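K.L.:
Take this structure, written in structure tokens, and hold onto it; I'll ask about it next.
The values are calculated or read from the model by the stated rules, or taken from the named source; none is laboratory data. Small disclaimer: the values here were computed from a predicted structure and weren't measured. Here the Cβ positions follow ideal geometry from the backbone for every residue, glycine too, while neighbour counts run over all protein chains shown. The area values use the complete protein model at the heavy-atom level, side chains included, leaving out ligands, DNA and RNA. Shrake-Rupley method; radii C 1.70, N 1.55, O 1.52, S 1.80 Å.
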2 protein chains.
Amino acid sequence: MRRLLFSALLLAPALTTGGGPSTGDDAVERLIAAGLASDGAYRKLAYLTDRIGPRLSGSENLEKAVRWTQEEMRRDGIDRVWSEKVMVPHWVRGVEHGKILAPTEHPMIVMALGMSDPTPPEGITAEVVEVASLEEVKALGDRAKGKIVLYNKKIFPNGGSDRGYGAGVGLRYSGASEAARVGAVGMLIRSLATADLRTPHTGAMAYKDDAPRIPAAAVTPEDAELIHRFLAAGEKVRVTFTLGCKNLPDAPSANVLAEIRGGEKPEEVVVIGGHLDSWDVGQGAQDDGAGCTISMEAIRLIKASGRRPKRTIRAVLFTNEENGLRGGKAYAETHAAELSGHVAAIESDSGGARPLGFGVSAGPEALATVTRLAKPLAAFAADETTEGGGGADISPMADHGVPQLSLRQDSTHYFDIHHTMADTLDKVDPHDLAMNATAMAVMAWSLAELDPPLARYSPPKTEDASKPPGIRRP
Amino acid sequence: MRRLLFSALLLAPALTTGGGPSTGDDAVERLIAAGLASDGAYRKLAYLTDRIGPRLSGSENLEKAVRWTQEEMRRDGIDRVWSEKVMVPHWVRGVEHGKILAPTEHPMIVMALGMSDPTPPEGITAEVVEVASLEEVKALGDRAKGKIVLYNKKIFPNGGSDRGYGAGVGLRYSGASEAARVGAVGMLIRSLATADLRTPHTGAMAYKDDAPRIPAAAVTPEDAELIHRFLAAGEKVRVTFTLGCKNLPDAPSANVLAEIRGGEKPEEVVVIGGHLDSWDVGQGAQDDGAGCTISMEAIRLIKASGRRPKRTIRAVLFTNEENGLRGGKAYAETHAAELSGHVAAIESDSGGARPLGFGVSAGPEALATVTRLAKPLAAFAADETTEGGGGADISPMADHGVPQLSLRQDSTHYFDIHHTMADTLDKVDPHDLAMNATAMAVMAWSLAELDPPLARYSPPKTEDASKPPGIRRP
């Protein structure tokens with residue numbers, strides 16, 4: 001139970017030094033004072049999670065959220081609020097059960113990976129072969145034939161692309177096809193998890209066109225460890241699992257947009273946003289209800305400040321990040337002609353924990369500039385900037401040179417609950433969320449005022465095609 | 001993945017100071033050296049959990065464990081190994097599902113409390129009323145009529161009887177009958193949990209003879225929080241849940257005993273033990289496979305030392321601690337005539353994490369004596385002694401004056417996984433378990449040698465009858 005007396009926020013460190021000079025931008029100081037004293041982001045998130053719920057692409061809940069977020073931003077008085085239709089994949093979960101049959105019977109909790117085909121109704125029963133990388137599965141050759149491949153790679157908090165989520169996501173996304181190529185009949189993956197309470201973690205997978213399609217599911221860290229112990233002892237491990245999930249025809253959804261028109265250069269735009277869809281388990285509170293409500297509250301704070309920015313500030317709540325990135329792609333296509341005037345895009349998609357600052361992928365001097373703009377956020381320690389930033393939904397804009405920023409949170413516990421039934425509102429601290437909305441508002445405002453704008457971005461050409469679109473670049 | 005190079009144990013701090021005087025008891029030093037270098041407890045625990053599995057009273061697995069632990073202790077060369085038949089309750093889990101129906105539909109994970117009656121096949125559907133104590137439920141009066149009572153009390157790590165498990169266990173054990181007395185039709189309890197990954201925690205409940213019997217289940221912390229948020233907002237909350245559990249006729253089980261006969265006073269006995277049964281979910285690794293294998297390894301270490309203790313040392317693996325305490329009661333009855341010669345009983349039933357030392361409930365000076373005996377355990381920081389100790393299984397011996405000791409572990413994370421699907425071997429560190437077995441061996445040996453023995457125990461007469469037998473005394 002994390003409850004906040006918002007009055008306590010008023011006791012935050014004084015934002016101007018008594019008698020000393022002000023920081024020079026009165027608008028930023030006002031945004032900080034108003035943002036830290038507001039519970040607006042949390043109230044919006046509570047509605048999105050408790051009153052609507054999880055928001056998988058194709059679900060009624062997602063379309064409720066598309067409607068409600070527009071209504072809410074209209075109530076907040078944002079200049080213009082609208083939606084842009086996007087057709088999205090429509091995958092639904094079904095029955096899920098599993099069991100370790102030998103050498104000793106044990107229950108095995110399974111959770112289908114998003115977009116997986118179902119198993120036959122009687123399930124798949126086979127011996128398990130364990131690997132920890134896509135290279136290892138390729139090297140299996142005939143030893144995978146007729147077997148179920150278990151990708152068993154432990155990830156660590158703050159492990160990054162080396163030992164963290166980034167090191168495992170390629171296995172989840174591409175592992176089924178690579179296993180099928182060497183003859184496997186099913187694919188299991190140890191949940192990409194940094195905590196272990198027998199909770200499975202779902203997430204997107206995709207089939208390659210030129211490989212057989214085999215069902216794919218996550219197992220809990222505990223069951224992966226148990227299978228590992230048996231295999232390490234030289235035992236043959238037989239398991240069975242059944243998935244009733246299915247892919248239905250694409251369904252209509254929409255990106256939600258809201259903007260405050262710039263007073264001087266309205267055709268130049270700062271985009272802020274997160275993604276409105278979530279997995280079907282849990283409430284999609286941290287992933288990414290937080291990012292959406294941070295952005296909604298940020299644009300509300302700017303509107304409520306009564307000051308009009310030089311450039312346009314646009315909040316975009318993207319649809320279908322989780323299993324298709326259709327919203328992010330559609331935005332970049334629909335707005336292709338405007339992207340040369342998009343001076344920056346900031347995504348928040350790593351939860352609602354305490355903000356650390358911003359990651360930046362843009363041209364020369366951009367990091368130094370963002371570091372300067374972030375200085376007032378030192379009032380609540382959210383001024384740490386790092387080279388490298390962005391987000392899956394804004395990544396399609398990268399090829400148009402749009403500077404990519406991420407609002408960075410303390411993600412130490414993010415992968416404890418990411419893509420699980422435990423991604424629920426109770427994990428979000430209202431004060432943390434208020435700080436995030438404030439940081440987003442300040443950076444959006446400051447980039448909308450900045451002259452000259454950040455230098456354009458030239459993304460690296462190298463890509464890791466085993467990973468989901470949007471996180472393929474190093 | 002907690003893996004240990006046991007060779008590292010050989011690098012433990014030197015146990016005698018170079019050139020200085022020895023501590024005087026060569027046997028204790030040898031036990032420590034041998035215990036810290038052995039992976040025996042972990043290997044036994046791995047068999048009990050991975051090769052047998054969970055061990056609910058009445059299950060085939062529990063009787064497998066009754067047989068295997070005897071075979072294992074015979075292999076270890078213990079002087080005498082036997083079992084003593086005990087009839088135990090035979091409760092089995094069935095289908096379990098739940099849902100929050102209003103004000104917004106959400107899934108609600110339910111897990112039947114042990115010994116609960118089932119719901120009707122169509123489940124129970126009613127409005128929820130929330131309380132945090134047995135006093136509050138009594139005060140509800142007519143407001144509970146036809147409703148489902150939710151006991152929503154958060155517990156905290158190391159919270160003790162004030163804010164920890166001890167503060168909540170009475171709600172779980174007695175809450176259904178107290179709710180039924182004021183007309184409730186069902187009882188839910190927020191899991192007695194110190195972590196939250198949407199994992200429910202089961203545990204024993206009991207019906208009072210003079211109250212109606214209503215079904216009882218645990219919900220996850222997340223779902224309890226969600227219901228609380230709705231109620232706090234003034235909403236009516238309607239839920240439905242279905243339980244297919246049932247109580248079958250009592251089944252045969254057994255306590256397992258193994259002893260090394262004392263060389264001088266064989267009729268005087270030091271009992272060490274834990275309980276062999278577990279809940280049906282998880283593997284019963286921490287609760288209490290750890291306590292059993294700590295005791296099995298402790299008696300093996302003493303036997304392997306080649307030294308015969310003055311008094312008899314007896315390991316007892318009690319059956320049916322979780323939902324009946326029949327094993328503990330049966331031991332005290334069967335051995336009633338010997339209990340005046342039982343000089344101490346030590347139970348380990350708080351997991352297998354790092355040992356801290358011992359808790360002591362006995363007569364004058366006993367704590368000081370145990371503190372002195374524990375001094376050699378300072379070599380691995382397991383020499384912290386506290387007033388107040390014992391365990392549910394040995395508690396029936398308290399009325400006979402038998403000094404009660406507990407082997408105490410760091411239980412900071414114990415209630416994260418206690419009574420859950422996540423109580424699995426991977427949570428146990430082999431080195432921690434070796435230290436526990438060593439501490440148990442040293443204390444058992446030292447009490448078997450001690451002259452005069454610890455002063456007899458006079459337990460307090462006051463009891464909290466709302467709590468399960470065995471933990472009713474303050």
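K.L.:
Determine which member of the set A:Leu140, A:Leu101 is more than 30 Å from the chain's Cα centre (by Cα), within 14 Å of another protein chain (Cβ to nearest Cβ) and touching a residue at least 40 places away in the same chain (Cβ under 8 Å).
P.N.:
A:Leu101
K.L.:
Would you call A:Arg51 over 20 Å from the mean Cα position of the chain (by Cα), in a helix (DSSP H, G or I) and away from chain B (no Cβ under 14 Å)?
P.N.:
no
K.L.:
For segment A:223-234, does any single residue satisfy the condition of being away from chain B (no Cβ under 14 Å), among the small types (Gly, Ala, Ser) and open to solvent by 50 Å² or more (accessible area, probe 1.4 Å)?
P.N.:
No, that holds for no residue.
K.L.:
Taking A:Asp423 and the conditions (1) within 14 Å of another protein chain (Cβ to nearest Cβ); (2) touching a Gly at 6+ places or on another chain (Cβ under 8 Å); (3) assigned to a helix (DSSP H, G or I), which numbered condition does it fall short on, given that it satisfies the others?
P.N.:
(3)
K.L.:
Next up: Just to be sure before I move on: is A:Gly58 surrounded by fewer than 22 Cβ atoms within 10 Å (Cβ to Cβ), among the small types (Gly, Ala, Ser), away from chain B (no Cβ under 13 Å) and not in a strand (DSSP E or B) in the structure I sent?
P.N.:
no
K.L.:
Are any residues in segment A:305-336 of a type in the set (Lys, Arg) and open to solvent by 40 Å² or more (accessible area, probe 1.4 Å), and if so, which ones?
P.N.:
Result: A:Arg307, A:Arg308, A:Lys310, A:Arg326, A:Lys329.
K.L.:
Separate question: Out of the residues in segment A:376-389 that are small (Gly, Ala, Ser) and open to solvent by 20 Å² or more (accessible area, probe 1.4 Å), which is farthest from the other protein chains (Cβ to nearest Cβ)?
P.N.:
So, considering only residues that are small (Gly, Ala, Ser) and open to solvent by 20 Å² or more (accessible area, probe 1.4 Å), the one farthest from the other protein chains (Cβ to nearest Cβ) is A:Ala378.
Residue-by-condition table, conditions (1) without any contact (Cβ under 8 Å) to a residue 40 or more places away in the chain; (2) crowded, with 23+ Cβ neighbours inside 10 Å; (3) charged (D, E, K, R):
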| site | (1), (2), (3) |
| --- | --- |
| B:Ala258 | no, yes, no |
| B:Glu264 | no, no, yes |
| B:Glu268 | no, no, yes |
| B:Val281 | no, no, no |
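K.L.:
Next question. Can we say B:Ile302 is open to solvent by less than 10 Å² (accessible area, probe 1.4 Å), β-branched (Val, Ile, Thr), away from chain A (no Cβ under 14 Å) and closer than 13 Å to B:Ser350 by Cα?
P.N.:
In short, no.
K.L.:
Filter segment A:224-263 down to the residues that are acidic (Asp, Glu) and not in a strand (DSSP E or B), then identify the one that is farthest from A:Pro103 (Cα to Cα).
P.N.:
A:Glu225
K.L.:
All but one of (1) touching a residue at least 24 places away in the same chain (Cβ under 8 Å); (2) more than 15 Å from the chain's Cα centre (by Cα); (3) open to solvent by 30 Å² or more (accessible area, probe 1.4 Å) hold for B:Lys461, so report the exception by its number.
P.N.:
Answer for B:Lys461: the failing condition is (1).
K.L.:
Go through segment B:108-136 and give me each residue that's open to solvent by less than 50 Å² (accessible area, probe 1.4 Å) and of a type in the set (Val, Ile, Thr).
P.N.:
B:Ile109, B:Val110, B:Thr119, B:Ile124, B:Val128, B:Val129, B:Val131
K.L.:
Of everything in segment A:66-78 that's assigned to a helix (DSSP H, G or I), in contact with a helix residue (DSSP H, G or I) (Cβ under 9 Å, 6 or more places away or on another chain) and of a type outside the set (A, V, I, L, M), which residue is surrounded by the most Cβ atoms within 10 Å (Cβ to Cβ)?
P.N.:
This residue is A:Thr69.
K.L.:
Restricting to segment B:26-48, and then to whatever is within 14 Å of another protein chain (Cβ to nearest Cβ) and open to solvent by less than 10 Å² (accessible area, probe 1.4 Å), can you tell me which residue is farthest from B:Ala304 (Cα to Cα)?
P.N.:
B:Leu48
K.L.:
Just a yes or no: is a residue in segment A:194-202 away from chain B (no Cβ under 14 Å) and open to solvent by less than 10 Å² (accessible area, probe 1.4 Å)?
P.N.:
Checked segment A:194-202: no residue is away from chain B (no Cβ under 14 Å) and open to solvent by less than 10 Å² (accessible area, probe 1.4 Å).
K.L.:
Yes or no: A:Arg372 more than 28 Å from A:Arg74 (Cα to Cα) and at pLDDT 95 or above?
P.N.:
yes
K.L.:
Something else now. Could you list all residues from segment B:163-193 that are in contact with a Pro (Cβ under 8 Å, 6 or more places away or on another chain) and within 14 Å of chain A (Cβ to nearest Cβ)?
P.N.:
B:Arg190, B:Ser191, B:Ala193
K.L.:
Kindly indicate whether any position in segment B:280-287 is within 14 Å of chain A (Cβ to nearest Cβ) and of a type in the set (S, T, N, Q).
P.N.:
yes
K.L.:
Answer with yes or no whether B:Ser174 is more than 17 Å from B:Arg93 (Cα to Cα), in contact (Cβ under 8 Å) with a residue 24 or more places away in the chain and buried (at least 20 other Cβ atoms within 10 Å of the Cβ).
P.N.:
For B:Ser174, the condition - more than 17 Å from B:Arg93 (Cα to Cα), in contact (Cβ under 8 Å) with a residue 24 or more places away in the chain and buried (at least 20 other Cβ atoms within 10 Å of the Cβ) - is met.
K.L.:
Any residue in segment A:144-157 that's away from chain B (no Cβ under 14 Å): show its pairings with residues that are aromatic (Phe, Trp, Tyr) and part of a loop (DSSP other than H, G, I, E, B) at Cβ separation under 6 Å, as long as the two are six or more apart or on different chains.
P.N.:
Partner pairs satisfying both residue conditions: none exist.
K.L.:
If we keep just the residues of segment B:351-368 that are out of contact with any Asp or Glu (no Cβ under 6 Å at 6 or more places or on another chain) and open to solvent by 30 Å² or more (accessible area, probe 1.4 Å), which is nearest to B:Ala434 (Cα to Cα)?
P.N.:
If we take residues in segment B:351-368 being out of contact with any Asp or Glu (no Cβ under 6 Å at 6 or more places or on another chain) and open to solvent by 30 Å² or more (accessible area, probe 1.4 Å), then B:Ala368 is nearest to B:Ala434 (Cα to Cα).
K.L.:
May I ask you to say which residue of A:Pro396, A:Pro469, A:Pro452 is more than 24 Å from A:Arg43 (Cβ to Cβ), open to solvent by 10 Å² or more (accessible area, probe 1.4 Å) and either assigned to a strand (DSSP E or B) or modelled with pLDDT under 95 (or both)?
P.N.:
A:Pro469
K.L.:
Right, A:Thr220: of a type in the set (Ser, Thr, Tyr), within 14 Å of chain B (Cβ to nearest Cβ), surrounded by 22 or more Cβ atoms within 10 Å (Cβ to Cβ) and within 19 Å of the chain's Cα centre (by Cα) or not?
P.N.:
no
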